[in-house]
Amino acid sequence: MTNKNSAPLHVLPIIVFAQFAGTSLWFAGNAIAADLQAALQLEAGAVGNITSAVQLGFITGTLVFAVLSIADRFSPSKVFLFSALAGAFFNLCVFWFATGLASLLSFRFLTGFFLAGIYPVGMKISADWFTEGLGKALGYLVGALVLGTAFPHLLKATSASLPWGTILLATSGLAVLGGLLLFFTVGDGPNRRPAPRFEWNAIPQIFRFGEFRAAAFGYFGHMWELYAMWAFVPLMLAGFNEMHGENLNVPLWSFLIIAAGGLGCVAGGYISMKKGSPKVAYWMLLISGLCCLLSPLFFFWSKWLFVAALLVWGFTVVGDSPQFSTVVARTAPKIYVGTALTIVNCIGFALTIFSIQLLTFLQGKIPAMWWYVFLLPGPVFGLWNIVTLKNGTLKH
C-alpha cells in the first residue's frame, strides 16, 4: 500500500533505470560517428549534424507533446513505453535503412522526437510519485540522463571489435527494457493530476517576471555550453592524442568524462538541500565556465592533468542542470508552470543547435584547442543573470 506522501522503495530506482535506458538513445549516433562517416561516406562535420538532428527532433517533440497535452490526456507510463519503443525503432533504422546523410539525419531526428516522451515524461512520473524530496529525485533523474548519454561511448569502448550496428542494437534493446520495466512495475503515480495547458499567449506575460527571467536566462547560458561540450568530447580527446602522439582510449574516456556529470547532478541535489538551488547552479556554472576559458591550456598539460581537467568540466557542466530546472519551476507564475517549463526547455535546446553548429563550422578553420573558448559566452551570460538569485532571497 502507498499513500500520497510515500512510494514503494523500488519506484525511484526503476524510474532512474528507465530514464537511463531510454536516454541511451540520445548519443548512440555520436559514439559511432567515425564508423558512420566511413560507411556512409560523410563529411568531417558529421558529429555536429548528427547531434543537431537529435536536438531538433527533441525540440519538435517537446512542443508537440506539450501543445497536445499528451502526458495529461493519456497515461504517462504508457506514453513513456510507446516513446521508448518508437525511439528504439528509429534508432535501429540507422543500421537498417540509412544510405546517406539525409536518411541518417531523418532517423536521428525521429529518435530525438520520441525522446520528448522519455526524458520529460519520466520527470512527470517521478513528480506523480513523490511529493517530498522531489529535488533530490530530479537530481537522480538528470544523473540518469547523463549516464544514458555517456553509455554508448562505454559500449563502443568495450565492443570495438564488433560491428558498429551492435551499439544501436544494444541501446535500442536497453530502451525497450526500460520502458517495459517502468510500465509493468511502476505505472502512474498516486498524485497524478493534469498539468497546466500550454498557452502561446502566456509567453510574453511569463517573461515579465524578473526572477523567472533571470532563472531562464541562466538556464539558456548553461545550455549553450552543455551539449556542445558533450558532443565534442571525443574530438577533444582525439585532438590531444594527435597533438602529443598519445593513445588515450577515446570511447572510454568520453564515457567517463560525460558520466562524471551524473555524480555532479546527484551531489548538487544533496548540496542544494542545504545551500539552495541558485547557489549550486551558480558555482557549477562558474567552474564549467572557467574550464571553457582555460581549455586551450589543457592541451599543453600532461595527459593525466588533461583528463583530470575534463573530468572536472564533465562534473560541473551538467551538475547545475537539475538546479536550474528547480529554480525555473519555482520562479514561474504558478498558473503557467507547464507553459514556462516547456518554452524554457525548447529555447534552451534550440540554443544547443547553434553552439554545436558553431563548433562544427570551426573545424578545420582554427586549431582544435581554441574551439571550446567559443562556448564561454554561455556561462558568462548565465552567471550574469543567476547571480541576482544567488544573492537574493530565493533559497530553494
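The calculated FRET efficiency for the pair Ala238 and Val380, based on their C-beta separation and a Förster distance of 35 Å, comes to about 0.80.
Normalised by 2.2 N^0.38 Å, where N is the number of residues, the alpha-carbon radius of gyration of the chain equals 0.93. Under 17 Å of direct C-alpha separation, and excluding same-chain neighbours fewer than eight residues apart, Lys136 reaches these lysines: Lys124, Lys274, Lys275, Lys279, Lys395.
Taking the chain as a Gaussian network of alpha-carbon nodes connected by springs under 10 Å, the highest mean-square fluctuation of the residues Ile335, Ile356, Ile32 belongs to Ile335. Of Phe97, Phe299, Phe109, the residue with the greatest mean-square motion in the GNM of the chain, using alpha carbon springs below 10 Å, is Phe97. Could you work out how far apart the two model spin labels at Phe361 and Phe184 are, taking each label as a point 7 Å from the Cα in the direction of the beta carbon, and quote it in nm? A separation of 5.0 nm, rounded to one decimal place. Please give the FRET efficiency for Ile347 paired with Arg73, using the beta carbon to beta carbon distance and R0 = 35 Å, rounded to the nearest 0.05. Efficiency computed from Cβ-Cβ geometry: 0.90. Using 0.36 nm per residue and subtracting the Cα-Cα separation, the extra length available between Leu263 and Leu85 on full extension is 61.3 nm. Annotation for Lys303 and Phe97: the two label points, set 7 Å from Cα along the Cα-Cβ direction, are 4.2 nm apart. Residue separation of Ile203 and Glu43 scaled by 0.36 nm, minus their Cα-Cα distance, works out to 53.7 nm of gained length.
Any chance you could list P(r) for the stretch 9-187, counting all Cα-Cα pairs in 5 angstrom bins from zero, rounded to whole %? So the P(r) values, bin by bin, are 1, 9, 18, 22, 20, 13, 8, 5, 2, 0, 0. Using the crude model of +1 on Lys and Arg Cβ and -1 on Asp and Glu Cβ, and no other charge, please compute the dipole size for the chain relative to its Cα centre, in debye to 20. For this selection, approximately 1040 debye. Between Leu92, Leu40, Leu105, the residue with the greatest mean-square fluctuation in the GNM of the chain (Cα pairs under 10 Å linked by springs) is Leu40.
Summed over qualifying helices (DSSP H, 4 residues or more, each -39500 (n - 2.57)) and divided by its residue number, the chain shows a 222 nm mean residue ellipticity of -25000 deg cm²/dmol. Rounded to the nearest 0.05, the FRET efficiency derived from the C-beta distance between Leu294 and Ser161 at R0 = 45 Å is 0.80. Distance between the 7 Å Cα→Cβ label points at Asp35 and Lys334: 5.2 nm. Pairwise inverse Cα distances across the stretch 202-396, averaged and inverted, put the Kirkwood hydrodynamic radius at 17.0 Å.
Bear in mind that the values in this text are calculations on the coordinates, not laboratory data. Computed from a predicted model, the values in this text were never measured in an experiment. Backbone-built Cβ (ideal geometry, glycine too); neighbour counts: all protein chains shown.
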